[in-house]
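The values are calculated or read from the model by the stated rules, or taken from the named source; none is laboratory data. None of the values given here were measured: they were computed from a predicted structure. Ideal geometry is used to build each Cβ from the backbone, glycine not excepted, and the neighbour counts take in all protein chains shown. All accessible areas refer to the heavy atoms of the entire protein, side chains included, with ligands and DNA or RNA removed. Shrake-Rupley method; radii C 1.70, N 1.55, O 1.52, S 1.80 Å.
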Amino acid sequence: MCPRTKEQNELIRMQRREQILDFAALAYFRSGGSFDIRDVAREAELGYGTVYHYYPNRHLLIEDVLVSGFERCEQALAEWANISRGTSDNRQLLTYCKVLLRLWQSDARAYLVYKMAAEHYAGLPGKDRHPAKKRFMERLYVPLKSIAQCEDDSVDYMLAVLVGCCGLHYYASTSELDIDRIAQLAMQAITKES
């Protein structure tokens, strides 16, 4: 049996890190944010020392969960913005609602970014709260609001519907979201239709 190459070891490290981040996001939902490294190790079926090797404390772990979540959300918004450039059609916004819901359903880290934004990042240490809020506002909220071309708080209500309904998926362990129905509900906040 041949020893692993440097590239193989690096791939294993990256996969392990991703596994830890995924399970940390899930542990956040299961514990209401009061999880520790042992909870993540148990969820990921890894040794405590393995998780601790990558993340010596939960604050660094949450920070990396959010950073990767932000990256995924920013990418989804950029892709949608490129597709819908120049149009303020509500169908395009409906499509974005569905894009977000699909992303969140499969990616707890991405959902956690919006969930924590709805709570003003209260679960973060004080020094991390402002940078997270700023990043959310500058890179996700303001661009969405400008694309949606809404002067009022309609986008807030739209996001509240999306975050709340997707929360059922994580907190109540529902298997699938009714993405079309939830997106339609969210759009009612924009169009103010009942």
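Results for (1) assigned to a helix (DSSP H, G or I); (2) touching a residue at least 12 places away in the same chain (Cβ under 8 Å), shown as yes or no for each residue.
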residue: Gln15; (1), (2): yes, no
residue: Ser34; (1), (2): no, no
residue: Asp39; (1), (2): yes, yes
residue: Glu43; (1), (2): yes, yes
residue: Tyr52; (1), (2): yes, yes
**Complete:** Checked Phe70, Phe23 against criteria (buried (at least 16 other Cβ atoms within 10 Å of the Cβ) and without any contact (Cβ under 8 Å) to a residue 60 or more places away in the chain); the one match is Phe23
**Prompt:** If you check Leu26 against the conditions, is it within 30 Å of Leu144 (Cα to Cα) and outside any loop (DSSP other than H, G, I, E, B)?
**Reply:** yes
**Request:** Take the residues in the stretch 118-132 that are under 15 Å from the mean Cα position of the chain (by Cα) and either at pLDDT 90 or above or among the β-branched types (Val, Ile, Thr) (or both), then tell me which one is nearest to Glu151 (Cα to Cα).
**Result:** Ala118
**Complete:** Given (1) surrounded by fewer than 19 Cβ atoms within 10 Å (Cβ to Cβ); (2) within 23 Å of Glu79 (Cα to Cα), Ile182 misses just (1)
**Message:** I'd like to know if the stretch 80-99 contains one or more residues that are at pLDDT 90 or above, surrounded by 20 or more Cβ atoms within 10 Å (Cβ to Cβ) and under 23 Å from Ala122 (Cα atoms).
**Reply:** no
**Message:** Checking the structure you have, find out if any residue of the stretch 18-25 is over 18 Å from Leu60 (Cα atoms) and not acidic (Asp, Glu).
**Reply:** no
**Request:** Taking the residues in the stretch 118-151 that are touching an Asp or Glu at 6+ places or on another chain (Cβ under 7 Å) and open to solvent by less than 80 Å² (accessible area, probe 1.4 Å) as candidates, determine which candidate is nearest to Val67 (Cα to Cα).
**Result:** Asp128
**Request:** Among the numbered conditions (1) at pLDDT 90 or above; (2) within 26 Å of Arg135 (Cβ to Cβ), tell me where Ser31 comes up short.
**Result:** (1)
**Item:** Single residue of Lys115, Lys98 found to be under 18 Å from the mean Cα position of the chain (by Cα), over 28 Å from Leu60 (Cα atoms) and touching a residue at least 24 places away in the same chain (Cβ under 8 Å)
**Value:** Lys98
